1. Could you please give the count of residues in the stretch B:116-140 that are without any contact (Cβ under 8 Å) to a residue 60 or more places away in the chain and crowded, with 24+ Cβ neighbours inside 10 Å?
2. Kindly state which helices (runs of 4 or more DSSP H) lie completely within the stretch A:231-334 and contain at least 2 residues that are aromatic (Phe, Trp, Tyr).
3. For B:GLY26, indicate whether it is within 14 Å of chain A (Cβ to nearest Cβ) and assigned to a helix (DSSP H, G or I).
4. Among the residues of the stretch B:81-88, are any under 30 Å from B:VAL248 (Cβ atoms), assigned to a helix (DSSP H, G or I) and acidic (Asp, Glu)?
5. Considering only the stretch B:161-180, I want to know if a residue exists there that is touching a residue at least 24 places away in the same chain (Cβ under 8 Å), among the hydrophobic types (A, V, I, L, M, F, W, C) and closer than 22 Å to B:ALA230 by Cα.
6. Taking the stretch A:175-199 as the region of interest, how many residues are buried (at least 22 other Cβ atoms within 10 Å of the Cβ), facing chain B (nearest Cβ under 7 Å) and outside any helix (DSSP H, G or I)?
7. Modelled with pLDDT under 90, among the hydroxyl-bearing types (Ser, Thr, Tyr) and touching a helix residue (DSSP H, G or I) at 6+ places or on another chain (Cβ under 7 Å): is that true of B:TYR255 in this structure?
8. Consider B:LEU49 against the criteria (1) surrounded by fewer than 18 Cβ atoms within 10 Å (Cβ to Cβ); (2) touching an Asp or Glu at 6+ places or on another chain (Cβ under 6 Å): it satisfies all of them except one. Which criterion is unmet?
Amino acid sequence: MVLPQSGLPIGTLATWKGRSGRSGLHLSRAADVLVGMTKSSHRKPPRQLRPPVTPVVELTGSSALDELVGLAAGHTPNARPVIDAIVVEGLTKTYPDGTEAVRGISLRVAAGECFGILGPNGAGKSTTVGMLGTLIKPTGGRAGVAGFDVVAEPVEVRRRIGFAMQQAGVDEFATASELVILQGRLQGLAKRDATTRARLLLRAMEIEQVADTRLAALSGGTKRRVDLAASLVHLPPVLFLDEPTEGLDPRSRTGIWDMLDRLRRDLGVTVVVSTHYMDEGDRLCDRIAIIDRGTVVVEGAPRALKAEVGSDATLEDVYLHYTGRALEPTPVAA
Amino acid sequence: MNTPAQALLLARRALIQFPRNPILLGFSVVPVLIMYVVFGGLFEGVAELPGFPADNYFEYLAPTAILLATVPGIGNAGVALAADFQNGYFQKLLTAPVSVGAVMLGRLLGDCVRLAVIAALVLVLAVALGAHVETGIPGALLMIAMGTSLGIVTFGALSANLAVRTRDAAAVQAVQPMAFLLIFLTSAYQTTAQIDSPVLRTIIDLNPAERVLRPMRELMLTGYDWGEIAVGFLAIAGLGLVVLPLTVRNYRSVYG
């Protein structure tokens with residue numbers, strides 16, 4: 001199999017070494033090993049692993065996640081990363097009107113890592129994440145997610161990703177529970193599995209009380225949580241979050257951050273966050289890439305990047321240092 | 001999960017929505033029934049003209065009323081798709097391994113079920129007004145199938161394409177009168193023999209909706225004319241073969 005646009009065989013990606021010097025395996029094979037999920041087992045989980053039909057009651061958010069981890073048996077969510085979950089090389093997007101939204105971005109994200117794509121509005125973050133999530137077709141370069149090429153194998157990529165978009169894409173007429181179940185069914189889950197997972201995820205998100213409430217009646221923060229639950233219903237190894245706390249009040253932001261911490265810790269999900277909130281990148285991410293005008297200007301661990309700029313430096317200072325321009329302040333909703 | 005299964009899941013989603021939107025439901029049923037009663041009453045005398053194929057004008061008008069329900073009514077599918085584009089849910093669906101065709105088809109199928117129910121109500125009203133369906137329930141079901149199919153390949157396709165192109169529910173809504181034009185340029189209210197203008201008669205003969213309306217009327221008034229029925233379905237299939245690839249192409253040109 002050959003990666004489009006590069007002419008390189010997919011196995012070529014596997015020869016790349018991670019930052020720690022780990023050699024990759026053949027990505028498509030290794031990704032399955034990594035998540036303990038072969039294609040066939042993803043579609044049809046072993047019978048003995050199916051969840052009970054009766055609703056689980058009296059669970060806290062944490063125990064709901066434990067229950068989800070149990071459902072994900074067959075995955076190895078706490079396994080240490082052995083390859084890069086995301087490999088991007090020279091990714092480019094030029095729109096028909098000539099706008100170069102992304103200009104040759106290259107990066108790698110290790111499995112289990114939280115990676116932040118930071119930059120101001122219009123920097124190319126959403127376009128980058130959109131290409132990785134197969135929603136936007138690149139015009140150049142290549143990208144592999146969970147071992148599959150985003151252009152040549154978009155369906156395989158979609159089976160392995162969750163995607164919570166900047167604008168929480170929800171059906172206002174559906175209830176929270178219906179929305180999550182439908183997303184699970186479209187991911188190939190049996191109705192019983194999707195229903196159980198929806199219940200557990202809404203409980204884990206601490207919004208079980210609105211499970212039967214129509215989304216039109218919910219607040220923005222709650223819709224985000226429902227959207228996040230829908231993104232996780234098939235327990236994907238990779239989760240993309242595009243501006244996950246845009247427009248939310250500080251309390252809701254903190255709630256989302258705590259939830260993401262728990263998801264990573266308990267489910268071992270690789271998380272890619274695009275945000276223009278520097279504090280969000282600082283709080284959540286193991287590593288970040290700062291993007292400006294469609295290119296990566298610097299990449300590294302937030303602490304290391306700040307240390308390079310100054311002892312009391314913030315990520316805003318890092319942005320100023322590498323771009324020569326101050327980041328325009330973006331107020332957080334009160 | 002294959003595309004038809006996905007489309008059925010998404011059609012079910014649409015069907016769940018309808019009762020939650022009583023305004024949509026009400027305004028897609030009541031005006032059609034009112035138009036049927038009003039037009040039937042206004043033109044009742046036409047049935048007394050020599051050579052008119054029905055004694056009861058409501059019988060003649062019933063297939064037209066079905067098309068008045070199904071063709072403009074399917075536009076709601078386009079409006080709903082545009083709303084999904086606007087609020088980001090269309091893209092959300094595409095983050096699952098779902099084809100664009102399944103999303104659009106699912107919406108159209110859901111609306112078809114709704115419109116089939118409305119078309120059935122039209123026929124129930126027709127019977128209540130003294131009309132008689134010559135081919136009985138099988139013929140009635142065939143009429144409904146032809147009407148909803150025509151809706152999909154004409155205004156359904158147009159509204160879905162507009163939704164893709166504009167992402168604007170208001171813009172899709174704005175073209176709804178075009179659907180009435182398609183129906184009015186048929187023998188909807190009187191036979192072509194009663195129309196004086198040869199130009200208008202030619203336009204009516206060329207209108208694919210006329211090819212569907214005629215066998216529907218035969219089913220209502222005289223019986224099964226399989227030749228006319230075949231022509232009707234061929235017209236629907238022909239339109240489908242044109243509009244479906246165009247829709248896919250349109251989507252790809254916008255979203256690549």
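The values are calculated or read from the model by the stated rules, or taken from the named source; none is laboratory data. This one's a predicted model, so the numbers in the text were calculated from it and none came from an experiment. Neighbour counts are summed over all protein chains in view; Cβ atoms, including those assigned to glycine, are modelled from backbone coordinates with ideal geometry.
1. Residues meeting the conditions: 1.
2. Filter on the stretch A:231-334 gives A:315-323.
3. For B:GLY26, the condition - within 14 Å of chain A (Cβ to nearest Cβ) and assigned to a helix (DSSP H, G or I) - is not met.
4. Yes, that holds for at least one residue.
5. no
6. Residues meeting the conditions: 1.
7. Spelling it out, it is not the case that B:TYR255 is modelled with pLDDT under 90, among the hydroxyl-bearing types (Ser, Thr, Tyr) and touching a helix residue (DSSP H, G or I) at 6+ places or on another chain (Cβ under 7 Å).
8. So the condition that B:LEU49 fails would be (2).
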